[in-house]
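A.B. asks: There's a structure below that I have some questions on.
The values are calculated or read from the model by the stated rules, or taken from the named source; none is laboratory data. Here the structure is a predicted model, which is why all the values come from computation and not from measurement. Quick reminder, even Gly has a Cβ in these numbers, built from the backbone with ideal geometry, and neighbours come from all protein chains shown. With ligands, DNA and RNA removed, areas are computed over all heavy atoms of the protein, side chains included. Shrake-Rupley method; radii C 1.70, N 1.55, O 1.52, S 1.80 Å.
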Amino acid sequence: MSGAESVGDERSEAEGGADEEVDRTPVPDADVCVVGAGPAGALVADRLAGDREVVVLDAGPRFDPADRLARQERAIRPFYGRPDVWGVGGARDAHENAGDWFYPLNHARVKGIGGSTLHWQGMVMRLHEDDFNSGTERGVGPDWPVDYADLRPYYAEAEKELGVAGASDNPYAPPREEPHPMPAFEPSYSDSLFAEACEELGIDMHSVPNARNSEPYDDRSPCVGYGTCQPVCPSGAKYDATVHVERAEERGATVVDRAPVERLEHDGDDRVTAAVYATPDGERHRQAADAFVVAAGGVETPRLLLLSDSDRYPDGLANGSGHVGEFFMDHLFAGAGGTLDEETRQNHVGFYTSACDQFYDEADAEQAPFKLEFFNYAGPSPVEMALTGDDWGDPLLERLRDGYGNHVAMGGLVEQAPQADSRITLADDRTDDRGNPVPQMEWTVGERALDTIERANEIQVEILEELGADVEWVAGPDATGPAYHHMGTTRMSDDPDSGVVDADCRTHDLDNCWIASSSVFPTSGAMNPTLTIAALALRVADDVEARLSGM
Amino acid sequence: MELTRRDAAAALAAIGATGGVALGVRRATDDRGGGPGDDEADAAWDGEGPPDDEAVREAMTAVARVLYPEEVSGIGAFVDRFLDGRLDGSAHAEGVRAAVAEVESAARSWYDAPVAELSAAERDDLLRGLGADTAEEDPGGTAAERVRFFVVNELLLALYSSPTGGELVGIENPQGYAGGAESYQEGPR
Ligand SMILES: Cc1cc2nc3c(=O)[nH]c(=O)nc-3n(C[C@H](O)[C@H](O)[C@H](O)COP(=O)(O)OP(=O)(O)OC[C@H]3O[C@@H](n4cnc5c(N)ncnc54)[C@H](O)[C@@H]3O)c2cc1C
Ligand code: SF4
């Protein structure tokens with residue numbers, strides 16, 4: 001089927017298609033029920049599926065791999081917004097914004113088998129050692145109850161699971177024991193331009209780990225240069241969690257799509273007994289299991305706990321601490337760009353190949369950790385430009401030639417410190433397509449992050465000027481936005497009064513309930529979160545297995 | 001710059017229309033580089049009801065000749081091969097046929113002739129008269145918005161996601177074209 005608009009609208013109930021035959025009834029005698037089929041849930045399910053009866057429930061649909069090119073057409077055509085590419089939005093995904101800062105939630109997630117990795121960019125770094133001890137080392141936020149050494153073997157495993165292309169040329173990265181599973185992508189032509197300027201300034205550039213195949217890996221294609229990584233990779237070279245969902249299914253797991261979990265039920269012994277979920281036919285089902293792993297992302301995870309309030313947990317399940325939904329954090333974008341008087345060869349691929357972590361560990365109470373990125377996709381993409389405007393023929397070509405060719409840009413991510421008043425709650429008077437209160441975002445960012453964005457901008461502008469660029473834009477504190485990393489909303493702590501989960505990511509209040517998500521991060525560092533999510537998910541799976549064996 | 005079989009295949013691959021259609025099976029229409037009347041406008045379709053595929057091809061090729069820049073040649077064969085993949089049984093193919101019908105009906109009522117028989121200047125005026133220049137594309141919108149989506153942007157997307165179309169602008173591996181993971185490393189050519 002060709003055509004961007006030939007792809008079904010997954011938001012609408014009617015779009016089940018030949019869906020009626022799908023069995024969405026509960027699995028009898030399940031050992032483990034996983035809520036959410038993004039990378040966190042998929043990795044847990046895959047790891048446990050060989051030995052355990054595992055069922056995964058996901059709120060969104062199972063996307064047809066044959067539609068990926070039509071989704072790419074959506075990514076390029078101006079009629080479609082980013083959320084349309086994977087059918088996000090509508091009543092199912094309604095939410096409220098009530099904070100100082102607007103949060104574009106439906107640009108920041110995908111619901112369905114594979115989760116937000118369908119849309120992600122696939123940059124995967126380990127957090128730095130100090131990120132786990134932010135309180136002690138930087139005087140900001142709590143320390144994590146685990147440290148880098150605890151996660152280190154899981155990081156290595158996560159890199160193999162996702163398939164990471166990387167190199168060991170980064171002197172600022174935390175220690176690692178073995179090379180990445182694939183060689184790093186070669187630097188881009190524009191990296192070579194930046195390298196001269198950086199050398200002049202004494203700024204180090206190094207490779208950056210990509211969850212993207214630089215060579216055939218795991219029966220998936222190497223990158224073929226479609227250039228639309230974010231929001232869709234048609235070749236499968238970019239990792240997404242359908243990889244582990246499929247593997248889990250091959251190993252016996254049951255994965256049910258369009259099955260939003262509406263609440264978790266518990267018994268008098270503080271054990272979760274069932275996940276109550278809805279199906280497209282309007283039915284409600286109860287999936288019982290011995291263990292539950294909530295992996296619904298950093299916004300829907302706290303929402304589900306809040307929706308699961310009971311007489312025993314009047315403020316929400318697992319919320320004895322009162323912290324469910326609090327400390328919502330994202331990474332802040334800092335960037336700058338402009339033009340050179342020479343060709344820069346942008347937009348051939350949709351990912352970047354060089355970064356700078358040199359300033360990361362300068363962090364203290366005043367300056368947040370931050371990292372810098374050298375873009376390979378600065379300025380407009382000619383094909384997208386061609387579809388807007390009232391010209392064609394020679395004048396259009398003229399405009400494209402003027403618009404494309406000599407852009408350069410840098411990006412960067414900055415940590416935000418955890419604040420209790422930056423939070424997810426339930427909206428008072430708005431409900432979703434099932435009648436459940438929608439999440440209300442109250443996102444707030446403190447001075448430390450804003451000051452650090454300025455510091456990042458200074459370095460970016462210095463590099464661009466050294467390069468001889470005409471600096472045309474700076475995304476500073478007033479123009480920053482979120483990187484779509486949802487963290488902190490069910491924070492980890494050894495102390496049941498200070499956190500929602502313990503060091504094993506098991507809820508303090510309920511014995512058989514784990515959370516696999518960046519929602520457990522007590523502080524966020526400035527590295528993209530998903531490799532850490534994956535490492536923690538593998539660790540959760542081991543803990544679930546150990547406890548089920550010991551039961 | 002000549003559009004080739006590889007360009008048509010690339011444009012199709014970019015937008016997911018290769019499924020089940022063997023490229024190049026159809027006879028490519030002769031293409032001598034543009035100008036009205038190059039293609040014989042002898043389609044059996046009489047302008048009433050939905051156009052048949054041959055009429056769609058004639059009209060789309062004629063429109064492409066005003067949308068594509070002067071220096072592009074090989075347009076007839078390119079559009080023809082591209083449509084081999086696009087005129088499948090999808091809702092999209094229906095959209096293309098319906099939008100072409102709008103364009104044809106305007107041509108016949110304003111100029112008394114099918115699009116393919118109009119001069120380049122008349123075709124340009126026709127598209128602007130329909131509002132397809134200022135309209136924003138919308139597959140379910142007004143006639144102008146649908147013509148923009150299914151005719152104008154359809155053809156511009158095909159050209160500029162192909163290697164030759166990209167090269168015109170200075171990017172031989174444009175977005176949507178699987179041009180490999182090497183070109184981003186190479187300097188200006
Ligand atoms: C545009 C974009 C770019 C990104 N780039 C990067 C990057 O370069 N590097 C990086 O590390 N991270 C990146 N991220 C973030 C990354 O995608 C997430 O960190 C990651 O997907 C989180 O994994 P998860 O499994 O916790 O949640 P998700 O991937 O969000 O999956 C959660 C799943 O749970 C399901 N769910 C939600 N509620 C329920 C419910 N009640 N019942 C059942 N199922 C439910 C959802 O349908 C969804 O499928 C990016 C994100 C976006 C949007
Ligand atoms: S450039 Fe991006 S979208 Fe294209 S194949 Fe490589 S990873 Fe996939």
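A.B. asks: Considering each of A:95, A:119 in turn, give the residue that is within 16 Å of ligand 2 (Cβ to nearest atom) and either farther than 14 Å from residue A:241 by Cβ or not small (Gly, Ala, Ser) (or both). Show your work before the answer.
C.D. replies: Values: A:95 fails: within 16 Å of ligand 2 (Cβ to nearest atom).
When all the criteria are applied, what remains is A:119.
A.B. asks: Which residue, of A:399, A:345, is part of a helix (DSSP H, G or I) and either out of contact with any Lys or Arg (no Cβ under 9 Å at 6 or more places or on another chain) or facing another protein chain (nearest Cβ under 10 Å) (or both)?
C.D. replies: Working: A:345 fails: part of a helix (DSSP H, G or I).
Going through A:399, A:345 in turn, just one is part of a helix (DSSP H, G or I) and either out of contact with any Lys or Arg (no Cβ under 9 Å at 6 or more places or on another chain) or facing another protein chain (nearest Cβ under 10 Å) (or both): A:399.
A.B. asks: What single numbered condition from (1) within 15 Å of ligand 1 (Cβ to nearest atom); (2) under 25 Å from residue A:332 (Cα atoms); (3) crowded, with 21+ Cβ neighbours inside 10 Å fails to hold for residue A:170?
C.D. replies: (1)
A.B. asks: Moving to a separate point now. Here's a check for you: in segment A:283-311, which residue that is assigned to a loop (DSSP other than H, G, I, E, B) and either modelled with pLDDT under 95 or crowded, with 21+ Cβ neighbours inside 10 Å (or both) is farthest from ligand 2 (Cβ to nearest atom)? First the steps, then the outcome.
C.D. replies: Of all residues in segment A:283-311, those assigned to a loop (DSSP other than H, G, I, E, B) come to A:283, A:289-290, A:295-296, A:308-311.
The next check asks that each one be either modelled with pLDDT under 95 or crowded, with 21+ Cβ neighbours inside 10 Å (or both); those that pass are A:289, A:295-296, A:308.
On the way: A:289: 36, A:295: 24, A:296: 26, A:308: 38 Å.
Among them, the one singled out is A:308.
A.B. asks: Okay, next question. Would you pick out the residues in segment A:376-396 that are open to solvent by 40 Å² or more (accessible area, probe 1.4 Å), more than 8 Å from chain B (Cβ to nearest Cβ) and either of a type in the set (A, V, I, L, M, F, W, C) or free of Cβ contacts under 8 Å to residues at least 24 places away in the same chain (or both)?
C.D. replies: Result: A:395, single match.
A.B. asks: Right, something else. Name the residues in segment A:62-106 that are open to solvent by 20 Å² or more (accessible area, probe 1.4 Å), more than 14 Å from every other protein chain (Cβ to nearest Cβ) and more than 18 Å from residue A:303 (Cβ to Cβ), would you?
C.D. replies: Scanning segment A:62-106 gives A:62, A:82, A:83, A:100, A:101, A:102.
A.B. asks: Moving on to the next point. So, in segment A:232-256, of the ones that are within 15 Å of ligand 2 (Cβ to nearest atom) and polar (S, T, N, Q), which residue ends up farthest from residue A:74 (Cα to Cα)?
C.D. replies: The selected residue is A:242.
A.B. asks: Which residue, of A:237, A:288, is in contact with a strand residue (DSSP E or B) (Cβ under 6 Å, 6 or more places away or on another chain) and within 14 Å of another protein chain (Cβ to nearest Cβ)? Break it down stepwise before answering.
C.D. replies: Numbers: A:288 fails: within 14 Å of another protein chain (Cβ to nearest Cβ).
Just one listed residue meets the conditions, A:237.
A.B. asks: So, in segment A:127-154, exactly how many residues are among the basic types (Lys, Arg) and more than 20 Å from residue A:504 (Cβ to Cβ)?
C.D. replies: Residues of segment A:127-154 that are among the basic types (Lys, Arg), as a first pass: A:138, A:152.
Still in the running and more than 20 Å from residue A:504 (Cβ to Cβ): A:138.
Residues flagged as among the basic types (Lys, Arg) and more than 20 Å from residue A:504 (Cβ to Cβ) within segment A:127-154 amount to 1.
A.B. asks: Still on this structure: Answer yes if at least one residue in segment A:194-213 is surrounded by 22 or more Cβ atoms within 10 Å (Cβ to Cβ), part of a strand (DSSP E or B) and not polar (S, T, N, Q), and no otherwise.
C.D. replies: Yes, segment A:194-213 contains at least one residue that is surrounded by 22 or more Cβ atoms within 10 Å (Cβ to Cβ), part of a strand (DSSP E or B) and not polar (S, T, N, Q).
A.B. asks: Oh, and also: Scan segment A:244-273 for residues that are assigned to a strand (DSSP E or B), within 15 Å of ligand 1 (Cβ to nearest atom) and not polar (S, T, N, Q) and jot them down. Reasoning before the result, please.
C.D. replies: Of all residues in segment A:244-273, those assigned to a strand (DSSP E or B) come to A:254-256, A:261-266, A:272-273.
Now drop any that are not within 15 Å of ligand 1 (Cβ to nearest atom), which leaves A:254-256, A:261-265, A:272.
Matches in segment A:244-273: A:255, A:256, A:261, A:262, A:263, A:264, A:265, A:272.
A.B. asks: Given the criteria under 25 Å from the mean Cα position of the chain (by Cα), within 14 Å of chain B (Cβ to nearest Cβ) and either within 16 Å of ligand 2 (Cβ to nearest atom) or open to solvent by 20 Å² or more (accessible area, probe 1.4 Å) (or both), does residue A:350 qualify?
C.D. replies: yes
A.B. asks: On the basis of being open to solvent by 10 Å² or more (accessible area, probe 1.4 Å), under 28 Å from residue A:444 (Cα atoms) and more than 16 Å from ligand 2 (Cβ to nearest atom), does residue A:365 make the cut? So that I can check it myself, show each step before the final result.
C.D. replies: Details: open to solvent by 10 Å² or more (accessible area, probe 1.4 Å): yes; under 28 Å from residue A:444 (Cα atoms): yes; more than 16 Å from ligand 2 (Cβ to nearest atom): yes.
Yes: the conditions hold for residue A:365.
A.B. asks: Within segment B:87-105, how many residues turn out to be at the interface with chain A (Cβ under 8 Å from one of its Cβ atoms) and not in a loop (DSSP other than H, G, I, E, B)?
C.D. replies: Within segment B:87-105, residues that are at the interface with chain A (Cβ under 8 Å from one of its Cβ atoms) and not in a loop (DSSP other than H, G, I, E, B) number 4.
A.B. asks: Is it true that residue A:237 is away from ligand 1 (no atom under 12 Å from the Cβ) and open to solvent by less than 20 Å² (accessible area, probe 1.4 Å)?
C.D. replies: Yes; evaluated as a whole, the condition is true for this residue.
A.B. asks: Still on this structure: Taking the conditions exactly as written (near ligand 2 (Cβ under 8 Å from one of its atoms) and within 14 Å of chain B (Cβ to nearest Cβ)), does residue A:214 satisfy them or not? Before you say what the answer is, go through the steps one by one.
C.D. replies: On the way: near ligand 2 (Cβ under 8 Å from one of its atoms): no; within 14 Å of chain B (Cβ to nearest Cβ): yes.
Here the answer is no, as residue A:214 does not meet what is asked.
A.B. asks: What single numbered condition from (1) buried (at least 24 other Cβ atoms within 10 Å of the Cβ); (2) more than 8 Å from chain A (Cβ to nearest Cβ) fails to hold for residue B:108?
C.D. replies: (1)
Residue by residue, here is whether (1) within 16 Å of ligand 2 (Cβ to nearest atom); (2) crowded, with 16+ Cβ neighbours inside 10 Å; (3) without any contact (Cβ under 8 Å) to a residue 12 or more places away in the chain holds:
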site: A:445; (1), (2), (3): no, yes, no
site: A:452; (1), (2), (3): no, yes, no
site: A:460; (1), (2), (3): no, yes, no
site: A:478; (1), (2), (3): no, no, yes
site: A:484; (1), (2), (3): no, yes, no
site: A:491; (1), (2), (3): no, yes, no
site: A:496; (1), (2), (3): no, no, no
site: A:499; (1), (2), (3): no, yes, no
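A.B. asks: Give all pairs with beta carbons closer than 9 Å in which a residue from segment A:75-102 that is among the β-branched types (Val, Ile, Thr) meets a residue that is open to solvent by 40 Å² or more (accessible area, probe 1.4 Å); count only pairs at least 6 apart in sequence or on separate chains.
C.D. replies: So the pair list comes out as A:76/A:384; A:88/A:11; A:88/A:82; A:88/A:107.
A.B. asks: Still on this structure, I have one more. I'm told residue A:111 meets every condition in (1) within 16 Å of ligand 1 (Cβ to nearest atom); (2) charged (D, E, K, R); (3) part of a helix (DSSP H, G or I) except one. Can you identify the failing condition by its number?
C.D. replies: Unmet condition: (3).
A.B. asks: Still on this structure, please answer the following. Out of the residues in segment A:122-135 that are more than 14 Å from chain B (Cβ to nearest Cβ) and within 16 Å of ligand 2 (Cβ to nearest atom), state the one that is nearest to residue A:530 (Cα to Cα).
C.D. replies: Of the residues in segment A:122-135, the ones more than 14 Å from chain B (Cβ to nearest Cβ) are A:123-135.
Among the residues that remain, those that are also within 16 Å of ligand 2 (Cβ to nearest atom) are: A:123-124.
Working: A:123: 8, A:124: 6 Å.
Ranking the candidates gives A:124 first.
A.B. asks: Looking for whichever is of a type outside the set (A, V, I, L, M) and within 27 Å of residue A:110 (Cα to Cα) here; the options are A:511, A:504. Which one fits?
C.D. replies: Details: A:511 fails: within 27 Å of residue A:110 (Cα to Cα).
Selected residue: A:504, the only one of A:511, A:504 that is of a type outside the set (A, V, I, L, M) and within 27 Å of residue A:110 (Cα to Cα).
A.B. asks: Being touching a strand residue (DSSP E or B) at 6+ places or on another chain (Cβ under 8 Å) and within 14 Å of chain B (Cβ to nearest Cβ) is the filter here, so list the residues in segment A:171-194 that pass it.
C.D. replies: A:182, A:183, A:184, A:185, A:187, A:188, A:190, A:191, A:193, A:194
A.B. asks: Within the set of pairs 6 or more residues apart or between chains, which connect a residue that is on the phi > 0 side of the Ramachandran plot and open to solvent by less than 60 Å² (accessible area, probe 1.4 Å) inside segment A:428-440 to a residue that is of a type in the set (Lys, Arg) and assigned to a strand (DSSP E or B) with Cβ atoms less than 8 Å apart?
C.D. replies: Nothing qualifies.
A.B. asks: For segment A:195-211, name all the residues that are within 22 Å of residue A:345 (Cβ to Cβ) and either aliphatic (A, V, I, L, M) or within 9 Å of chain B (Cβ to nearest Cβ) (or both). Let's see the steps before the verdict.
C.D. replies: Initial filter on segment A:195-211 (within 22 Å of residue A:345 (Cβ to Cβ)): A:195-200, A:203, A:205-208, A:210.
Selection gives A:195, A:197, A:203, A:205, A:208.
A.B. asks: Given the conditions (1) assigned to a helix (DSSP H, G or I); (2) within 13 Å of chain B (Cβ to nearest Cβ); (3) out of contact with any Asp or Glu (no Cβ under 7 Å at 6 or more places or on another chain), which single one is not true for residue A:42?
C.D. replies: Against the list (1) assigned to a helix (DSSP H, G or I); (2) within 13 Å of chain B (Cβ to nearest Cβ); (3) out of contact with any Asp or Glu (no Cβ under 7 Å at 6 or more places or on another chain), residue A:42 comes up short only on (2).
A.B. asks: Of all residues in segment B:166-189, which are more than 7 Å from chain A (Cβ to nearest Cβ), part of a loop (DSSP other than H, G, I, E, B) and open to solvent by 40 Å² or more (accessible area, probe 1.4 Å)?
C.D. replies: Residues satisfying the conditions are B:182, B:189.
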